[in-house]
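Q: Structure in structure tokens, see below.
The values are calculated or read from the model by the stated rules, or taken from the named source; none is laboratory data. Keep in mind that what you see is a predicted model, and the values were worked out from it rather than measured. Quick reminder, even Gly has a Cβ in these numbers, built from the backbone with ideal geometry, and neighbours come from all protein chains shown. Remember, those area values only see protein heavy atoms, side chains included, never the ligands or the DNA or RNA. Shrake-Rupley method; radii C 1.70, N 1.55, O 1.52, S 1.80 Å.
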Amino acid sequence: MKDCEYSQISTHSSSPMESPHKKKKIAARRKWEVFPGRNKFFCNGRIMMARQTGVFYLTLVLILVTSGLFFAFDCPYLAVKITPAIPAVAGILFFFVMGTLLRTSFSDPGVLPRATPDEAADLERQIDIANGTSSGGYRPPPRTKEVIINGQTVKLKYCFTCKIFRPPRASHCSLCDNCVERFDHHCPWVGNCVGKRNYRFFYMFILSLSFLTVFIFAFVITHVILRSQQTGFLNALKDSPASVLEAVVCFFSVWSIVGLSGFHTYLISSNQTTNEDIKGSWSNKRGKENYNPYSYGNIFTNCCVALCGPISPSLIDRRGYIQPDTPQPAAPSSGITMYGATQSQSDMCDQDQCIQSTKFVLQAAATPLLQSEPSLTSDELHLPGKPGLGTPTPASHWARPRPPSMPNLAEATLADVMPGKMSTWATSS
């Protein structure tokens, strides 16, 4: 009699109803992977830098090598001959310098999101209507608007790359290809733009680096002098060649670092940016009535606002996930000002996911001007719930072109987001 053999039935065998070729799951992509600016991202989007980072690595090498030689060859001798407090103070300064440098280099400087294609098309149509021209003909439209801030006229310039009217004090960085809020300058030494969200860390970096450079230079000279008293000057240089290298590096760098710290101290005390100072935006040469509308008129208050004020959140959701099946929001028919592009929606589907709606961005960008900056006398920039950027204003406040009538941005936004609820509330009221 034959033995009965049992074979195990596989529960994972394919049935006739199943397709032989299973679809592969597409991994969800994050928005930083399709970010339109010229930036590099690390640690899954947590670190954001410019693409040109060669000078930044040179900065790191100079600081690490100079400080390392000082700790290895000078501090042991100085701690015995003078006081152990010298290496302790040098260590505190070194860690503070490195912390502020990395914080400046790895953070979002205040990049403004670009407009979506629907916003772009809406804005172009609105400029056509304001200029009284047809969409098919050539027109050189004025790409500036004007707002009144503390009695001073400030121009809002249109960015052809980001397709937005930049908020006050914002500018477009040609290296990073981004509009940056309260743009100061692009610093290759830190490998990033310096703007609203990282300016205080940049200032603390150059200020602490000035102290560290002067500290190392002074005690390296002290080390050489003490050794020369015992063995002679030439023998002292032979005994500590690292001290010679440190002294040379510190001597040639201390002048530029201390000068840069003094220049930015002046900018902070007057509440200016490097971009504004170079252009002479608030210089008296432009007229006796020209003044800085952002200054509080008090050096102490200006410094407190720049160094101790709250840090605004990032406006770009670079670590958010792209939703490939999410439909694009339709352009509102109420005539709200949008900020746009000329590319088709199908070509921009990935980038649109990493771009937030600009009508919210300009409201958020206007918030610090109302809270931490001097109050605006214009009705152009307000918090949500008040008249927004699209609200009609007197002719003295805005330069043409502007639409004949502009609805309230906050109300139109709520109507676009929750049309059903808005109609229910209207019925019940």
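Q: Quick one: Karplus J couplings for the stretch 287-294, per residue in order, coefficients 6.51, -1.76, 1.60, θ = phi - 60°, nearest Hz, x for Gly and Pro?
A: So the Karplus estimates, Gly and Pro as x, are x, 5, 8, 7, 8, 7, x, 8 Hz.
Q: Using θ = phi - 60° and the Karplus relation 6.51 cos²θ - 1.76 cosθ + 1.60, list the HN-Hα couplings for the stretch 63-76 in order, rounded to whole Hz, with x at every Gly or Pro.
A: 5, 5, 5, 5, 5, x, 5, 5, 5, 7, 10, 9, 4, x
Q: Do any of Lys81/Lys238; Lys163/Lys196; Lys40/Lys196; Lys40/Lys155 go past 22 Å between their Cα atoms, and which?
A: Those over the limit are Lys40/Lys155.
Q: Hey, what's the stretch 109-253 come to in accessible area per residue, 1.4 Å probe, Å²?
A: Here the residues of the stretch 109-253 average 41 Å² of exposed surface.
Q: Got a number for the accessible area of Phe42? Probe 1.4 Å, square angstrom, nearest 10.
A: Accessible surface of Phe42 is approximately 80 Å².
Q: Give the span of the stretch 230-297's Cα atoms along each principal axis, as three whole-Å numbers ordered largest to smallest.
A: Result, largest extent first: 66, 20, 16 Å.
Q: Ignoring ligands, DNA and RNA, how do Met204, Met48 rank by accessible area with a 1.4 Å probe, largest first?
A: Descending accessible area places them as Met204, Met48.
Q: Sticking with this structure for a sec: How much accessible area does Arg143 have with a 1.4 Å probe, in Å² rounded to the nearest 10?
A: Approximately 40 Å² of Arg143 is accessible to the 1.4 Å probe.
Q: Moving on to the next point. Quote the accessible area belonging to Lys81 in square angstrom, nearest 10, computed with a 1.4 Å probe and with ligands, DNA and RNA left uncounted.
A: Surface accessible to solvent at Lys81 totals approximately 110 Å².
Q: Report, by chain and number, residues whose modeled amide H sits under 5 Å from the one on Ile47, excluding near sequence neighbours (fewer than 5 apart, same chain).
A: Those lying under 5 Å, H to H, from Ile47 are Phe42.
Q: Considering only the other residues whose Cβ falls under 10 Å of the Cβ of Lys163, what net charge follows from Lys and Arg at +1 and Asp and Glu at -1?
A: -1
Q: Across all directions of projection, what mean area in square nanometres is found for the Cα convex hull of the stretch 82-129?
A: 5.2
Q: Ignoring ligands, DNA and RNA, how do Phe41, Phe211 rank by accessible area with a 1.4 Å probe, largest first?
A: The ranking, largest first, comes out as Phe211, Phe41.
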